[in-house]
Structures are given as C-alpha cells and as structure tokens.
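I have placed the structure first, in the form of structure tokens, so that the comments after it can refer back to it.
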C-alpha cells in the first residue's frame with residue numbers, strides 16, 4: 001500500500017497543469033501546526049495579516065495550534081500537543097513559500113516543525129500544483145490539487161505527499177501519505193473563515209476545526 005501511494009503521487013504529478021483556476025486554496029492547519037492536509041504540510045501559507053487557530057481531536061493525540069502569516073510568503077506558528085502516551089509538549093514551526101518565475105501554478109514550501117526540538121525537529125520541502133481533471137470525472141471533481149515532497153524527523157526521511165479533489169465550492173476529498181500511513185478524509189469550508197475536517201489519521205478516527213482571522 002505504501003509503495004502504491006508513492007507511485008500514485010509521482011504519477012499524478014506528471015499530469016498537465018491547468019493554466020487558469022478560479023478556486024482558491026482551502027488553507028487549514030495540520031495536526032502538528034503548519035498549513036497543509038491532515039498531517040502533511042503543503043506549499044500553501046497564510047498570507048500577510050492572516051491568523052488561524054485550530055484544534056485536532058484524536059484517540060491518542062489532541063492539539064491546539066495557532067498560525068500567522070507575517071508576510072505574503074512566510075508563515076509561523078505554535079502548537080500544543082496533548083499526548084496520551086507521553087508528556088505534553090509545545091512546539092513551534094515556520095514555513096517559507098517560493099513561486100518560481102514562469103511557473104505560476106507551482107509553489108514550493110520549505111519549513112521546519114518543532115524548531116526547538118521539544119519532540120522531534122522535522123524539516124521538509126513540498127511542491128504543490130494543480131492537475132488537469134480527467135474528462136470522465138469532471139462532473140464530480142472540479143479540480144485536483146497535488147502535493148509531493150520529502151520530510152525528515154516525524155516523516156521518517158521519506159517521500160510525503162497527497163491529493164485534494166475539489167468536489168464543489170465547499171467540500172474536498174483529501175488523501176495523504178505521511179511516510180508511514182495512508183490517511184484520508186473530508187474537509188468542509190463553511191466560508192472564508194471556518195474549516196471542519198474528519199477522517200482516518202494513523203488508523204484512527206479524528207476531527208479537527210480551524211478558524212481564520214485578520215489582524
């Protein structure tokens with residue numbers, strides 16, 4: 001299953017990229033803080049003056065996190081981890097986004113989770129792009145967003161990534177590979193501010209919520 005997921009991510013990344021898109025990213029914090037899918041960060045960041053608070057509830061781990069965009073391409077945050085099998089910890093994260101000249105639909109995110117090494121310092125690099133939707137699913141999926149990269153520490157020095165299928169203006173089907181597990185679930189964007197998520201993460205049910213403010 002792991003090899004299949006890695007091959008699927010690599011294969012889908014070769015799909016033609018759409019030249020134009022009117023669908024904006026549905027930014028939400030991950031279990032460890034940075035903007036991303038469920039546990040895997042993406043190249044997306046909160047823009048300047050945006051502030052997001054979020055919570056995650058799982059069987060063995062619950063978190064409370066806050067992220068802020070301090071510039072259009074720089075995001076910083078802090079997360080409190082409530083762990084059932086270990087001491088609780090507070091970790092900090094930071095991410096920088098790059099958009100290569102001439103590649104407006106390609107974003108690169110480089111970041112660090114747990115900067116002070118309270119649990120396990122983790123570096124990562126992730127590429128995010130949009131792919132052409134196969135004609136036979138266009139009536140159901142309006143856009144496919146792909147993420148692929150590599151992470152150390154929490155991601156076990158392995159390939160990480162995932163995909164988002166935009167079902168309509170509010171719902172997204174998300175699959176991700178975190179270097180060890182294949183996770184999946186749904187994200188609901190109620191409006192520009194409120195995000196709700198539910199699914200399977202590390203073979204456990206989870207629920208999370210996030211709210212975005214401007215300062």
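The values are calculated or read from the model by the stated rules, or taken from the named source; none is laboratory data. Fair warning: this is a prediction, and the values are worked out from it, not measured in the lab. Positions of Cβ are backbone-derived with ideal geometry, glycine not excepted, and every protein chain shown enters the neighbour counts.
Brief remarks follow.
- Test result for residue 141, under 25 Å from residue 72 (Cα atoms), in contact with a strand residue (DSSP E or B) (Cβ under 9 Å, 6 or more places away or on another chain) and touching a residue at least 24 places away in the same chain (Cβ under 8 Å): no
- Within segment 90-130, the set of residues being assigned to a strand (DSSP E or B), surrounded by fewer than 20 Cβ atoms within 10 Å (Cβ to Cβ) and either on the phi > 0 side of the Ramachandran plot or over 17 Å from the mean Cα position of the chain (by Cα) (or both) comprises just one member, 90.
- Looking only at segment 171-186, residues that are under 13 Å from the mean Cα position of the chain (by Cα) and surrounded by fewer than 19 Cβ atoms within 10 Å (Cβ to Cβ) come to 3 in all.
- Residue 85, sole failed condition from (1) within 26 Å of residue 198 (Cα to Cα); (2) assigned to a strand (DSSP E or B): (2)
- Flag if residue 153 is buried (at least 22 other Cβ atoms within 10 Å of the Cβ) and touching a residue at least 24 places away in the same chain (Cβ under 8 Å): no
- Residue count for segment 187-215, restricted to those that are assigned to a loop (DSSP other than H, G, I, E, B) and either buried (at least 20 other Cβ atoms within 10 Å of the Cβ) or at negative phi (or both): 5
- Residue among 136, 87, 168 that is closer than 23 Å to residue 58 by Cα and either modelled with pLDDT under 95 or more than 18 Å from the chain's Cα centre (by Cα) (or both): 87
- Of the criteria (1) under 21 Å from residue 174 (Cα atoms); (2) surrounded by fewer than 16 Cβ atoms within 10 Å (Cβ to Cβ); (3) within 16 Å of the chain's Cα centre (by Cα), which one residue 78 fails: (1)
- Failed condition for residue 180, given (1) under 16 Å from residue 40 (Cβ atoms); (2) in a strand (DSSP E or B); (3) touching a residue at least 40 places away in the same chain (Cβ under 8 Å): (2)
- In this entry, residue 69 passes the filter for residues that are at pLDDT 95 or above, over 26 Å from residue 180 (Cα atoms) and in a strand (DSSP E or B).
- Which listed residue is surrounded by fewer than 18 Cβ atoms within 10 Å (Cβ to Cβ) and free of Cβ contacts under 8 Å to residues at least 60 places away in the same chain, from 60, 85: 85
- The requirement of being crowded, with 19+ Cβ neighbours inside 10 Å and at pLDDT below 95 is fulfilled somewhere in segment 33-41, by at least one residue.
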